[in-house]
Amino acid sequence: MTKNDSMILALLFLAPFFCLTCAEKAIAADYPIQPAQFTQVKIQDQFFKPRLDTNRDVTVRYVFLRCQETGRLDNFAKAGGLIPGEFEGIYFNDSDVFKAIEGASYSLATAPDPELDEYLDKLIAKIEAAQEKDGYLYTIRTIDPAKASRQPGVGKERWSHLLSSHELYNVGHLYEAAVAHFQATGKRTLLNVAIKNAELVLKEFGPQGRKDVPGHQEIEIGLVRLFRVTGNKKYLELAKFFLDQRGGSHRKKNYGAQHQDHQPVTEQREAVGHAVRAGYMYSAMADIAALENDADYAEATRRLWENVVFKKMYLTGGIGSTHQGERFTGAYDLPNNTAYNETCAAIANMLWNQRMFLLHGDAKYIDVLERILYNGFLSGISLSGKEFFYPNPLSCDGRFPFNQGKLGRSAWFGTSCCPVNIVRFLPSLPSYIYAQRDDEIYVNLFIGSEGKLSLGKNQITLKQQTDYPWSGQVDIQVEPSQSENFTIKVRIPGWVQGEPVPGDLYRYLDDAPAKYKIKVNGKSVEQKLQNGYVALSRNWQKGDLISIDFPMSIRRVVSHPDVKANHGRVALERGPIVYCLEATDHEGAVSDLFLPDDVALEARFDQSFLENGSVQIHAMARQVFLVDEKLSVRSAPVTAIPYHLWAHREAGEMAVWLPRQKEQAIPQSPPTIASAGKVSASFYYSHDSPKAMNDRVEPESSSDQKIPRMTWWDHRGTKEWIQLDFDKKRSVSSTSIYWFDDTGSGQCRVPESWTLLYQDGENWKPVQSDKKYGTSLDQYNTVHFEPVETTALRVIVHLKPSFSGGVLEWKVSP
């Protein structure tokens, strides 16, 4: 290691959201527990190491390529006058580039890469050029201020529309990227850009300046990181200012619950609004609680955490139950097929839970973090490293993925916050395994690794060997540079203690704690639990061995009775892994299966499954089917796979929550004329799918937003069409359409008018009917016509002026 390498490593402290420089010596208060320095922990297992290698070797370069292809990188060059051209994309796209730089920097810190290092230097030069003289950095406004002022959501002037402009959100990610790049390389190029911008924000906002808040929180976290690396407490004070401004009466207008701006943050008791914004805000609040020793902030984060974990979190650790506003809904409202569970929200939830652990030292926060890590987060990226989930539902009907119009993972998105967020989180994972408070070392995650921590001048090396999460056997070799008395605290996961998550949102049918074993040098130790940890205090010597045995039994999970979506249903877990059934293993469907409570379950490791193998759960379940329209039941073998691995094979049905009795299973029924056909549309919104129109999911009302839909958003007042191509020539005489209308919450309305055409050879002809083409709400609008023999129908729709529209369901009859 060179002298320069040693200097760089000295700058890297504890975790990606912490850094230690000489400036930090002035910090009076901090988190009582500190995470291990992520450059001093090397993951060496067969589960996460391949993921981290793929992230470094494939995903980092892939997201930069997509940022180049979509104009995100050129926007900086255009703003800097390096090339001509107009702004491309969405006004918050700058942030994607910053997140990618942050992730690339973490990878550089752990694995030197001269080519990547040089690439970042050239990219940062473009960002430097794009920054205006006073420090302002927002490429859409710099490229063409007049055009930007007319762009919806941007605002006529700087800072004039913070509700949606993302000006402060973008630079929050700039600050995080700048600190990460400085830590990894020792170069101040991007850090200087960040500081120059932060100084401008300091001049503009504060008690003597603008009193406003960002619509999307993030700058607060970035300012805390800048404070840590510079020692400039004004950055910390500004972070707290932005938080303190929320929900108060001292501003002309607050932005409401969707933006967590409905109450002062220290008075908030319920998680509401956009889930990612909330997670970032709660993380920043924990930072303020620690760095300012603020009891009100600490109490508020505790209350909010309990509300999320006790009432609003999915079994996978996902949060944000609806696509509408990507937000939290009411207590126990946790639908499965339409669950949103944005991947970014999973990351925000992990950041928050890590901070809560560092603040309080309770294993329950790591229990939640681990649940997210292995399930709700890891499902967000494919094994290839090039495909991603934006939402992460807990069931899929094979027709409606809610993944921007595509069944399964996507290669990229118009709004691609999730891929770049994954890129920055994965290389930071080593810092979550171990932590330290004075002479206490915490073992939080069970991942094969080698970690180095320091107790004064004594360097402690922990070598962890395990096949977790497939096996509960964990060996930790302790190697202090010199013998010394200290304590190693081993987390006993909640799932071992008979509790899936804290609270009563979920419970095991067999909730008896598992009989785990802990030995030191082959001798059993007292298993007294405190805050979820077994404390092993002794004079540790080189070669001492901690052996842990967590029983990996299969557990059936049920929900709180108020979770209506899971009534009469059960989920399967083994260790920290949540399981699901996929149609590709079950003759194309899973909705016709049910799992009685007395069915035996068997776990088997399949080395050939996908790339690295996995433990699967096998059982002889039951299947319902129709015989002469009567329900019958037969035995059927089922195979449950880890939830995070679903959609790697054929796309189709999937379910985490399985019926326990036949009444909730749905037999496969013969296709209808409409469901057997292929639907298409003149245009459809990226979050919707034409397949929603013939999926046989019945609407409750025209405003039903819990089921799949097809909308022409954001086409307004235009002429559009939908088309149904039959599997063969059909004789049809009526059609029924259930229109979508979100009056009161959106801009979709029933159409102004519509007509029906049928295909006759190469021509489209109107059907013969004297019936009215209805546009009534909350019902099917049926038109009967003279029978026609045709291969396709087309509906021509004229949308109302200034409004869009959509369809929930489309039926056809002979």
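Rounded to 0.05, the FRET efficiency of the residue 233 and residue 567 pair, given R0 = 45 Å and the Cβ-Cβ distance, is 0.30. Accessible area per residue for segment 107-233, computed on protein heavy atoms with a 1.4 Å probe, is 37 Å². Axis angle, to the nearest 10 degrees, between helix 60-69 and the longest C-alpha principal axis of the chain: 50 degrees.
What ranking of 453, 610, 626 comes out by heavy-atom accessible area, probe 1.4 Å, highest first? Display every interim value, and only then the final one.
Details: 453 10, 610 55, 626 80 Å².
Most to least solvent-accessible, the answer reads 626, 610, 453.
Model label points for residue 628 and residue 698, set 7 angstrom from Cα along the Cα-to-Cβ axis, are 2.6 nm apart.
Can you compute the charge dipole magnitude of the chain about its Cα centre, using +1 on each Lys and Arg Cβ and -1 on each Asp and Glu Cβ, nothing else charged? Give it in debye, rounded to the nearest 20.
Values: 92 positive and 99 negative charges, 167 e Å.
Dipole size: approximately 800 debye.
Note on residue 302 and residue 612: their simple-model spin labels are 3.8 nm apart, each label 7 Å out from Cα toward Cβ.
Count neighbours as other Cβ atoms within 10 Å of each site's Cβ, and list the GluC sites (Glu not before Pro) in segment 433-541 that are DSSP loop with at most 11 such neighbours.
526
Peptides 301-308, 758-765 ranked from most to least packed give 301-308, 758-765, packing being the mean of other C-beta atoms within 10 angstrom over each peptide's residues.
Which loop GluC sites (Glu not before Pro) in segment 552-608, with loop taken from DSSP, have no more than 13 other Cβ atoms within 10 angstrom of their Cβ? Let's see the in-between values first.
On the way: sites: 573, 582, 587, 602; in loops: 587.
Here the GluC sites (Glu not before Pro) that fit, given the DSSP loop and packing criteria, are 587.
Remark: segment 251-257, residue by residue, has Karplus-estimated 3J(HN,Hα) of 10, 4, 8, 9, 8, x, 5 Hz, where x stands for each Gly or Pro and the curve is 6.51 cos²θ - 1.76 cosθ + 1.60 at θ = phi - 60°. Surface calculation, 1.4 Å probe, protein heavy atoms: residue 791 sits at approximately 60 Å² accessible. Rounded to whole numbers, the Karplus 3J(HN,Hα) couplings from phi for segment 601-617 are 10, 10, 9, 9, 7, 10, 5, 7, 6, 6, 8, 10, x, 6, 7, 10, 10 Hz, using 6.51 cos²θ - 1.76 cosθ + 1.60 with θ = phi - 60°, and x at Gly and Pro.
A Förster radius of 41 Å, combined with the Cβ-Cβ distance separating residue 598 from residue 686, puts the computed FRET efficiency at roughly 0.35.
Nonpolar atom fraction for segment 218-286, defined as the carbon and sulfur part of the 1.4 Å probe accessible area, stands at 45 percent. Accessible area per residue for segment 752-814, computed on protein heavy atoms with a 1.4 Å probe, is 53 Å².
Averaged per residue, what accessible surface does segment 541-667 expose to a 1.4 Å probe, in Å²?
Numbers: 5560 Å² over 127 residues.
Counting only protein heavy atoms, the per-residue value for segment 541-667 is 44 Å².
List the trypsin sites (Lys or Arg not before Pro) within segment 369-462 that DSSP assigns to loop and that have no more than 12 neighbouring Cβ atoms inside 10 Å.
Working: sites: 371, 386, 399, 406, 409, 424, 437, 452, 457; in loops: 386, 399, 406, 409, 457.
Those that pass, being in a loop and sparsely packed, are 457.
The helix-based estimate of mean residue ellipticity at 222 nm for the chain, built from -39,500 (n - 2.57) per DSSP H run of four or more residues and divided by its residue count, is -8000 deg cm²/dmol to the nearest 500. Couplings 3J(HN,Hα) of segment 270-276, computed from phi: 10, 6, 9, x, 4, 5, 5 Hz, in residue order, whole Hz [Karplus 6.51 cos²θ - 1.76 cosθ + 1.60, θ = phi - 60°; x for Gly and Pro]. Here segment 305-439 exposes an accessible surface that is 46 percent carbon and sulfur, computed with a 1.4 Å probe and the other protein chains kept in place.
Taking amide H atoms as placed 1.01 Å from N in the peptide plane, the amide H of residue 206 lies under 5 Å from those of 212, each 5 or more residues away in sequence or on another chain.
Give the carbon-plus-sulfur fraction of the accessible surface of segment 661-814 in %, rounded to a whole number; probe 1.4 Å, heavy atoms of protein chains only. If you can, show how the numbers build up before the last one.
Numbers: 3500 of 7520 Å².
Result for segment 661-814: 47 percent of the exposed heavy-atom area is carbon or sulfur.
Using per-residue counts of other Cβ atoms within 10 Å, averaged over each peptide, order 415-422, 461-468 from highest down. If you can, show how the numbers build up before the last one.
Working: 415-422: 24.6, 461-468: 19.1.
For the peptides 415-422, 461-468, the packing ranking is 415-422, 461-468.
When the alpha carbon coordinates of segment 637-747 are projected onto the principal axes, the ranges are 50, 39, 29 Å, largest first.
Of the labelled options [x] 21; [y] 12; [z] 34, which one gives percent of Cα pairs over 55 Å apart as computed for this structure? Working out percent of Cα pairs over 55 Å apart from the coordinates points to [y]. Packing around the peptides 317-326, 707-716, taken as the average count of other Cβ atoms within 10 Å per residue, puts them in this order, highest first: 317-326, 707-716.
The values are calculated or read from the model by the stated rules, or taken from the named source; none is laboratory data. All figures in this text were calculated on a predicted structure; none of them were measured in a lab. Note that we place each Cβ from the backbone using ideal geometry, even for glycine, and neighbour counts take in every protein chain shown. Side chains are part of the model used for accessible areas, which takes the heavy atoms of the whole protein and leaves out ligands, DNA and RNA. Shrake-Rupley method; radii C 1.70, N 1.55, O 1.52, S 1.80 Å.
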